[in-house]
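Let me begin by presenting the structure, written as structure tokens, before commenting on it.
The values are calculated or read from the model by the stated rules, or taken from the named source; none is laboratory data. Quantities reported herein were computed from a predicted structural model and do not represent experimental measurements. Don't worry about glycine lacking a Cβ; one is built from the backbone with ideal geometry, like all the others, and counts go over all protein chains shown.
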Amino acid sequence: MPPMKKTSIKICLLLTAFFLLLAPRLYAQDMLRMATTTSTDNSGLLDEILPYFEKEFKLKVDVIAVGTGKALKLAENGDVDLVFVHARQAEDKFVENGLGVNRRDVMYNDFVLIGPKDDPAHIRGVNVREAFSKISESKAFFTSRGDESGTHKRELMLWKMADIKPQGRWYLEVGQGMGATLKIADEKKAYCLVDRGTYIAYEDKVELTVLSEGDKLLFNPYGIIAVNPEKHFNVKYDYAMQFITWITSWQGQQLIADFRKNGKQLFVPNANKIEE
């Protein structure tokens with residue numbers, strides 16, 4: 001083979017190898033990494049609204065659904081570009097520590113305390129602190145996410161307010177997401193704290209029913225935060241802000257308001273509410 005032809009083949013092989021190595025990076029430039037809660041993901045909301053964003057901005061959103069604690073840890077490590085979670089104290093601390101910027105309210109719903117229809121702990125209709133006390137006294141099964149998620153953090157706060165340290169065979173820490181925890185609670189005929197959105201999404205899959213609701217302690221706001229680019233130069237801050245701006249815009253908020261399961265609204269948008 002002539003030397004010139006051999007050289008040309010080598011150059012072609014080198015160029016091919018170069019572009020193969022470069023292709024994932026080029027693709028990654030058009031990818032937004034978002035850590036969010038399993039409750040948000042399990043509700044089906046993101047499957048409904050993300051295609052509108054991706055089509056408008058030609059930007060793929062890679063959703064990592066974990067508990068709030070893990071989502072914030074991913075953001076702290078610079079492994080995602082933004083977080084969409086529901087644990088306000090943890091969110092505020094994340095921003096105060098300089099790890100996140102431009103936090104915005106997005107939406108809210110509430111938590112509900114569900115359990116078997118025969119209600120062995122007799123909590124139906126009582127306030128949530130009394131309900132937790134009755135469950136502990138009766139030693140009726142209670143299923144906890146046990147994963148440092150926003151739901152788990154709220155549950156622990158409610159036990160503390162009821163002056164109870166839950167422990168024993170009746171208290172089941174499963175270390176799972178909200179959907180999986182619901183299924184385990186259903187199998188065990190256990191009580192469980194769940195956000196209303198996920199409960200509505202799973203309502204026709206479980207036999208558990210809402211027994212305590214409406215308490216102000218069950219209010220469940222969701223916020224979105226961009227990872228601070230000064231902490232991690234690899235994060236795509238511009239992409240994160242595009243998404244934050246979009247989901248808090250009229251279009252994003254209307255899509256959230258319109259999202260329903262079985263005719264029921266799962267989340268109430270509140271990005272444009274006036275702070276008091």
For this session: Looking at (1) aliphatic (A, V, I, L, M); (2) under 29 Å from LEU113 (Cα atoms); (3) under 17 Å from the mean Cα position of the chain (by Cα), find the lone condition where ALA240 falls short.
Result: (2)
For this session: Please go through the stretch 156-172 and pick out each residue that is under 18 Å from VAL112 (Cα atoms) and out of contact with any helix residue (DSSP H, G or I) (no Cβ under 9 Å at 6 or more places or on another chain).
Result: LEU156, LYS160
Seminar exercise, completed: A careful count of residues in the stretch 235-251 that are closer than 19 Å to GLU91 by Cβ and not in a loop (DSSP other than H, G, I, E, B) gives 7
Exercise. Counting residues that are more than 19 Å from the chain's Cα centre (by Cα) and over 30 Å from TRP246 (Cα atoms), which helices (runs of 4 or more DSSP H) fully inside the stretch 124-234 reach at least 1?
Worked result: 128-138, 150-161, 178-188
Seminar exercise, completed: Of the residues in the stretch 157-179 that are within 18 Å of SER39 (Cβ to Cβ) and buried (at least 16 other Cβ atoms within 10 Å of the Cβ), the one that is modelled with the highest pLDDT is LEU158
Seminar exercise, completed: Scanning the stretch 74-89 for residues that are buried (at least 17 other Cβ atoms within 10 Å of the Cβ) and either over 19 Å from LYS236 (Cβ atoms) or not assigned by TED's automatic domain parsing to the domain that holds ALA240 (or both) gives HIS86, ALA87, ARG88
Exercise. Just one of VAL101, VAL95 is out of contact with any Asp or Glu (no Cβ under 8 Å at 6 or more places or on another chain), modelled with pLDDT of 95 or more and assigned to a helix (DSSP H, G or I); which is it?
Worked result: VAL95
